Amino acid sequence: MLVHIKTLGCRLNEAELETWAQSFQKSGHHITQQAQAADLIVINSCAVTHDAARKSRNLIRRVHRDNPKAKLVVSGCYATLDEEEAASIMGVDMVVRNADKDQLVERALTELNMETMPEMSSDPGESSLFTRGRQRAFVKVQDGCRYRCTFCIVTIARGEEASRPIDSVIDDINALHAQGINEIILTGVHLGGYGSDLGYTLCDLIKAILQRTAIPRLRLGSLEPWEFSGEFFELFNNPRLMPHLHLPLQSGADSVLRRMARRCKTEEFAAIVQQLRQHVAHFNITTDIIVGFPGETEDEWQQSLNFIQKIGFGHIHIFTYSSRKGTKAASLPDHIGSDIKKQRSQQLHKIANAMKLEFYQDNIGQEFPVLWEAYSEGCDDSNKRVFGYTPNYLRAAVIINNHESLENQLVNTRLTQVNEDYIFGEMATSTEFRLINKPANEFQDVVV
């Protein structure tokens, strides 16, 4: 049977797709990138905003229209929050709530009478499935959140916190590394709360990964800016832990943060950023900002802009506030009009773009090991431009001959020139593509 898997939304959703892909192949089935050829299609939906929920509905309808013969399973936050509506969309055969995601593959195969072929199944870890042809993989280590920020619908959709045992995470990472993956990104709804239900901490997990795996690069997904210990900052002394964190600020005004029920004041946020930058030069801090939260005055907005500029972010994800039924913020007074939200969003986008270019410029002249992607652009008949990421998550580019390949290789690169969307670089090893921590022949089977 051919299985096609799609996702909308966060990195956690993508990590779940990779887990499902592994499980389907272990049951004797094959993952296909062609939705129209699939016998079974699984969609991991999103509902973080009204627009995300709308896109989820549209994706479900489009998938069914393009392949009406395929069985269609829908899961994720939209399917959990609006289960009846999701089930009623034409073509949907099964809805699996977030709480039941661990049983999605088994339920799809049994309840939809999809024939399994165990005699053809693969041994665990035999091949990279959803990740094949890629150099990094998302590993889900935790789900759910104990906190209730007033704007957040995801914590309602995801439920209570549940962490994976450290040994299980280690096994996954070692298996992925053996398949050619060079970078792991740990994901969770409340990643900083990892292990609270098991007697562990996120620091315990990170130390175990660095000690018990040889993965060259370990990166953390979105991390709430609280619950950091002194031990956490010290972990970045290990060069395998990438010097980039996405710390959602949401607002730079303390009065707005109180209405959001956020647990980190601006002064505390600034102290965290300062400590990170003291430990590692050119540490990249990216963030989320919500524009037009209920009751946000012009003075609060200016406070927020001033603080954002004071910190200096490498990138900002900008969200225009969208009221979500079931959240406390939906019942707050003084909702902001769309014209003001649009104006403030445009203002912040200009500031964010300027800060991003400034951070790029600050990194000119530095030499980093860049992990190169498969994507490339042709320059002329004999050369192409290839792209990759530095440890602090800057998009870099170099020009190489068309017959050469850097895919999935870590090569020291000196950053030389800022472009609007990336930084040009020059390879420190121009005549020999030198891998770091990984023999070249171990990548021969990593193909699309």
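Does residue 97 fit the bill of being surrounded by fewer than 23 Cβ atoms within 10 Å (Cβ to Cβ), among the basic types (Lys, Arg) and within 28 Å of residue 134 (Cβ to Cβ)? Considered against the rule, which asks whether it is surrounded by fewer than 23 Cβ atoms within 10 Å (Cβ to Cβ), among the basic types (Lys, Arg) and within 28 Å of residue 134 (Cβ to Cβ), residue 97 comes out as no.
Answer yes or no as to whether residue 359 is touching a residue at least 12 places away in the same chain (Cβ under 8 Å), assigned to a helix (DSSP H, G or I) and crowded, with 19+ Cβ neighbours inside 10 Å. It is true that residue 359 is touching a residue at least 12 places away in the same chain (Cβ under 8 Å), assigned to a helix (DSSP H, G or I) and crowded, with 19+ Cβ neighbours inside 10 Å. In the range 269-297, the residues that are closer than 14 Å to residue 234 by Cα form Cβ pairs under 6 Å with partners that are assigned to a helix (DSSP H, G or I), at six or more places apart or across chains, as follows: 273/311; 275/233; 279/233; 279/236; 280/236; 283/276; 283/277.
Of all residues in the range 189-231, those satisfying the criterion of being in a helix (DSSP H, G or I), at pLDDT 95 or above and hydrophobic (A, V, I, L, M, F, W, C) are 202, 203, 205, 206, 208, 209, 210.
Here 367, 404, 373, 377 are screened, and the one residue that is closer than 21 Å to residue 244 by Cβ, surrounded by fewer than 17 Cβ atoms within 10 Å (Cβ to Cβ) and not aliphatic (A, V, I, L, M) is 367. The residues of the range 119-168 that are of a type in the set (A, V, I, L, M), at pLDDT below 85 and assigned to a loop (DSSP other than H, G, I, E, B), listed by number, are 129, 153. In this structure, residue 416 does satisfy being surrounded by fewer than 16 Cβ atoms within 10 Å (Cβ to Cβ), at pLDDT 95 or above and of a type in the set (Ser, Thr, Tyr). Scanning the range 271-303 for residues that are surrounded by 17 or more Cβ atoms within 10 Å (Cβ to Cβ) and over 18 Å from residue 149 (Cα atoms) returns 272, 273, 276, 280, 282, 283, 284, 285, 286, 300, 301, 303.
Could you tell me whether residue 334 is out of contact with any helix residue (DSSP H, G or I) (no Cβ under 6 Å at 6 or more places or on another chain), free of Cβ contacts under 8 Å to residues at least 40 places away in the same chain, surrounded by fewer than 16 Cβ atoms within 10 Å (Cβ to Cβ) and more than 18 Å from residue 246 (Cα to Cα)? Judged against the criteria, residue 334 is not a match.
In the range 9-101, counting only helices (runs of 4 or more DSSP H) that sit wholly within it, the ones holding 1 or more residues that are among the acidic types (Asp, Glu) and under 24 Å from the mean Cα position of the chain (by Cα) span 11-26, 50-66.
The values are calculated or read from the model by the stated rules, or taken from the named source; none is laboratory data. No experiment lies behind these values; they were computed from the predicted model shown. Cβ sites come from the backbone with ideal geometry, for glycine too, and all protein chains shown count toward neighbours.
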